[in-house]
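Before any comments, here is the structure.
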Amino acid sequence: MSQSSQTTAAEAKTGPTAAERFGIVERPVLEWTPEIAEETEPLYQKVKDHIPRIEWPVYAPYVAAINRLKKERNAVILAHNYQTPEIYHCVADIVGDSLQLAKEATKVDAEIIVQCGVHFMAETSKLLNPDKTVLIPDMKAGCSLAESITGADVRLLRERYPGVPVVTYVNTSAEVKAETDICCTSSNAVQVVESFGVDRVLCIPDEYLAQNVAAQTKVKILTWKGHCEVHERFTAEELLAYKEADPEIEIVAHPECPREVVEIADFTGSTSGMINYVKDRKPPKVLLVTECSMASNIASEAPEVHFVKPCNLCPHMKRITLPKILDSLCEMKDEILVDPAIADRARLAVERMVNLKH
Ligand code: 13P
Ligand code: SF4
């Protein structure tokens with residue numbers, strides 16, 4: 001992740017670090033004992049189809065240590081739907097899509113939020129919880145969309161299109177959010193675009209999301225050339241080949257996919273929208289056209305569904321691991337700080353979205 005789109009601790013430092021405020025605890029000894037085996041067995045049952053029993057003794061001591069330390073520290077773990085099954089099912093307190101995590105972040109009681117997801121998600125939590133400590137287990141967990149645009153780019157767009165409202169996908173840095181009117185996620189983009197009641201809106205930076213929104217509204221959408229490096233790889237050709245091989249397969253796609261992919265999908269929605277569709281409809285076979293871990297995460301909750309997985313992984317989401325979560329809680333790192341010069345304006349853009357009536 002480039003330094004330009006990320007507020008470093010040094011830039012936004014206003015006082016003692018999280019480690020100084022809360023203290024560092026030594027990493028516990030990680031042993032596979034009969035007590036750990038018993039304590040973690042109910043959690044193992046949730047991930048047993050993804051983690052071989054023989055490997056559980058490696059995971060379980062981390063799971064137990066994280067859950068214990070989380071309580072001692074009064075911390076809560078927010079995890080995105082793309083996190084690996086052992087994070088999603090065994091240590092997360094709240095899971096969801098970007099909008100759900102942003103909303104949940106406003107209700108958190110705990111003093112510390114550990115964000116298992118990518119940097120912009122942690123930054124959004126910090127914007128909505130300026131007085132809480134927000135940690136991300138790996139500061140390098142970026143996002144190709146967030147990297148595709150800067151605040152200066154948005155200022156140039158405003159000069160080029162004066163008076164046109166700017167809707168920014170939540171997958172952006174705080175610096176970019178600060179330059180925009182309102183944020184959106186994949187689950188509310190159409191509603192947000194239409195909320196202005198005007199005939200032209202800039203919807204940035206995801207070109208494909210913008211095209212997919214444009215197909216659902218009369219509002220003329222202007223956009224940017226940003227793409228998600230995971231979803232841009234799917235092709236209509238590839239999906240039609242699956243469908244030809246097995247016409248029973250339902251195709252469920254994320255709106256960050258190219259337009260021609262979305263056009264052949266049976267359903268398109270945010271990560272949680274996709275999950276709900278599968279859980280409600282229970283198609284016998286489904287191809288989730290999105291990050292690979294999501295199918296693993298919901299498989300145990302939809303056992304009657306057979307998931308066909310074209311396995312595209314998000315390398316940024318996969319930077320978050322159990323050992324890094326444990327280190328994060330022990331050493332109170334990496335702390336998310338937002339430059340006060342941009343925080344208030346960026347917060348406003350997120351709050352306008354969160355407060356939008358559904
Ligand atoms: P959702 O808002 O649908 O969870 O998407 C976030 C994301 O990063 C998808 O790639
Ligand atoms: Fe960003 Fe794509 Fe990864 Fe989502 S899946 S975090 S949009 S790179």
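The values are calculated or read from the model by the stated rules, or taken from the named source; none is laboratory data. Because the structure is a prediction, the values reported are computed rather than measured. Please note: Cβ atoms are built from the backbone with ideal geometry, for glycine as well, and neighbour counts cover all protein chains shown. Remember, those area values only see protein heavy atoms, side chains included, never the ligands or the DNA or RNA. Shrake-Rupley method; radii C 1.70, N 1.55, O 1.52, S 1.80 Å.
Brief remarks follow.
- Candidates 259, 233: the one that is of a type in the set (Lys, Arg) and closer than 18 Å to residue 313 by Cα is 233.
- Restricting region 217-235 to residues that are within 16 Å of ligand 1 (Cβ to nearest atom) and of a type outside the set (Phe, Trp, Tyr), the residue that is farthest from residue 193 (Cα to Cα) is 233.
- In region 310-337, the residues that are surrounded by fewer than 18 Cβ atoms within 10 Å (Cβ to Cβ) and in contact with a Leu (Cβ under 6 Å, 6 or more places away or on another chain): none
- Check on residue 97, away from ligand 1 (no atom under 13 Å from the Cβ) and farther than 18 Å from residue 338 by Cβ: no
- Exclusive hit being open to solvent by less than 50 Å² (accessible area, probe 1.4 Å) and without any contact (Cβ under 8 Å) to a residue 24 or more places away in the chain, set 307, 234, 267: 307
- Scope region 221-243; condition farther than 15 Å from residue 208 by Cβ and either touching a helix residue (DSSP H, G or I) at 6+ places or on another chain (Cβ under 7 Å) or of a type in the set (S, T, N, Q) (or both); matching residues: 240
- Across region 130-144, the number of residues qualifying as in a loop (DSSP other than H, G, I, E, B), open to solvent by less than 10 Å² (accessible area, probe 1.4 Å) and not aliphatic (A, V, I, L, M) comes to 1.
- Residues that are in a helix (DSSP H, G or I) and buried (at least 23 other Cβ atoms within 10 Å of the Cβ), drawn from region 66-85: 66
- The one condition in (1) open to solvent by less than 10 Å² (accessible area, probe 1.4 Å); (2) within 13 Å of ligand 2 (Cβ to nearest atom); (3) within 19 Å of residue 120 (Cα to Cα); (4) hydrophobic (A, V, I, L, M, F, W, C) that residue 203 fails to fulfil: (2)
- Just one residue in the set 328, 293 is hydroxyl-bearing (Ser, Thr, Tyr), more than 16 Å from ligand 1 (Cβ to nearest atom) and within 30 Å of residue 74 (Cα to Cα); that residue is 328.
- Residue in region 145-167 that is within 16 Å of ligand 1 (Cβ to nearest atom), open to solvent by less than 30 Å² (accessible area, probe 1.4 Å) and not hydrophobic (A, V, I, L, M, F, W, C) present: no
- Matching entry among 114, 95, 167 (being within 30 Å of residue 58 (Cβ to Cβ), part of a strand (DSSP E or B) and more than 16 Å from ligand 2 (Cβ to nearest atom)): 114
- Pairs are defined by a Cβ separation below 7 Å, a sequence spacing of at least 6 or placement on different chains, a first member in region 183-195 that is within 14 Å of ligand 2 (Cβ to nearest atom), and a second member that is of a type in the set (Asp, Glu) and part of a loop (DSSP other than H, G, I, E, B); the pairs so defined are 185/97; 186/256; 187/97.
- Members of region 287-340 that are of a type in the set (S, T, N, Q) and within 17 Å of residue 27 (Cβ to Cβ): 321, 328
- Out of 253, 210, one residue alone is without any contact (Cβ under 8 Å) to a residue 60 or more places away in the chain, within 15 Å of ligand 1 (Cβ to nearest atom), open to solvent by less than 10 Å² (accessible area, probe 1.4 Å) and out of contact with any helix residue (DSSP H, G or I) (no Cβ under 6 Å at 6 or more places or on another chain). It is 210.
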